[in-house]
Amino acid sequence: MRGFYIGRFQPYHNGHHHMVEEIAKQVDELVLGIGSAGDSHSPRNPFTAGERVMMLTKSVAEFDMTTYVVPIEDLERNSVWVSHVESMSPAFDVAFSNNPLVVQLFNEAGVEVRQSPMFRREVLEGTELRQRMIEGDEWRDLVPEPVIDVIDEIDGIERIQRVSDTDADTV
């Protein structure tokens, strides 16, 4: 059975990793959809699709299943979003998500959706993680080791701090 799991993965963190670990118990193959693939170099989306492909591919290598990492650009029409995803992805039997909109759209399209409990959501949340990077706080213990390597390789901390700067005068 092949599953599908989509996220922005900005960056891929231990919460995502825990979800993939749970999914790996249920499927033989997994398609990882990189959402908002066209967005990068902003405080909300600092990493490119290619950088996120590296983060995911290296991080999920430890699991005993075939994985496919597929960038999926945003589509501003929710009514056809599932068809868009299916056109960009290998076929899949079940989708995994905790995002209410994603669950609704897959349900309406007749795709089975499975949810799993969030893992340490109070700290394992992209906004919190990116804020820690911007402020120079500790973030490395919240991501798999390969993600640290990718972020170091691309000078990701410097990037997110730069794109988060403003030219506004502060008083």
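Within the stretch 80-98, no residue satisfies the criterion of being loosely packed, with under 13 Cβ neighbours inside 10 Å and modelled with pLDDT under 95. Scanning the stretch 111-133 for residues that are surrounded by fewer than 18 Cβ atoms within 10 Å (Cβ to Cβ), of a type in the set (A, V, I, L, M) and modelled with pLDDT under 90 gives 118, 123.
Exactly one residue out of 125, 73, 22 is under 24 Å from residue 159 (Cα atoms), in contact (Cβ under 8 Å) with a residue 60 or more places away in the chain and among the acidic types (Asp, Glu), and it is 125.
So, residue 68, is that one under 10 Å from the mean Cα position of the chain (by Cα) and either among the aliphatic types (A, V, I, L, M) or at pLDDT 95 or above (or both) or not?
Working: under 10 Å from the mean Cα position of the chain (by Cα): no; either among the aliphatic types (A, V, I, L, M) or at pLDDT 95 or above (or both): yes.
Judged against the criteria, residue 68 is not a match.
For residues in the stretch 3-30 being of a type in the set (Val, Ile, Thr) and assigned to a helix (DSSP H, G or I), which is farthest from residue 106 (Cα to Cα)?
The first filter runs over the stretch 3-30 and keeps only residues of a type in the set (Val, Ile, Thr), leaving 6, 20, 23, 27.
Keeping just the survivors that are assigned to a helix (DSSP H, G or I) gives 20, 23.
Details: 20: 19, 23: 17 Å.
It comes out as 20.
Take residue 108 and tell me if it is among the acidic types (Asp, Glu), at pLDDT 95 or above, farther than 25 Å from residue 48 by Cβ and touching a helix residue (DSSP H, G or I) at 6+ places or on another chain (Cβ under 8 Å). First the steps, then the outcome.
On the way: among the acidic types (Asp, Glu): yes; at pLDDT 95 or above: yes; farther than 25 Å from residue 48 by Cβ: yes; touching a helix residue (DSSP H, G or I) at 6+ places or on another chain (Cβ under 8 Å): yes.
Against the criterion (among the acidic types (Asp, Glu), at pLDDT 95 or above, farther than 25 Å from residue 48 by Cβ and touching a helix residue (DSSP H, G or I) at 6+ places or on another chain (Cβ under 8 Å)), residue 108 qualifies.
Any idea how many residues of the stretch 31-41 are part of a loop (DSSP other than H, G, I, E, B) and surrounded by 14 or more Cβ atoms within 10 Å (Cβ to Cβ)? Final tally of qualifying residues: 5.
Filtered by the rule that a residue be under 16 Å from residue 20 (Cβ atoms), in contact with a Lys or Arg (Cβ under 9 Å, 6 or more places away or on another chain) and in a helix (DSSP H, G or I), the stretch 47-104 gives a lone residue, 52.
Checking each residue in the stretch 41-60 for being aliphatic (A, V, I, L, M) and without any contact (Cβ under 8 Å) to a residue 24 or more places away in the chain picks out 49, 53. Look at (1) out of contact with any helix residue (DSSP H, G or I) (no Cβ under 8 Å at 6 or more places or on another chain); (2) part of a helix (DSSP H, G or I); (3) free of Cβ contacts under 8 Å to residues at least 24 places away in the same chain and you find that residue 148 fails only one, number (1).
The values are calculated or read from the model by the stated rules, or taken from the named source; none is laboratory data. The shown structure was predicted, so the numbers you read here are calculated from the model rather than taken from an experiment. With ideal geometry, Cβ positions are generated from the backbone for all residues, glycine too; neighbour counts draw on all protein chains shown.
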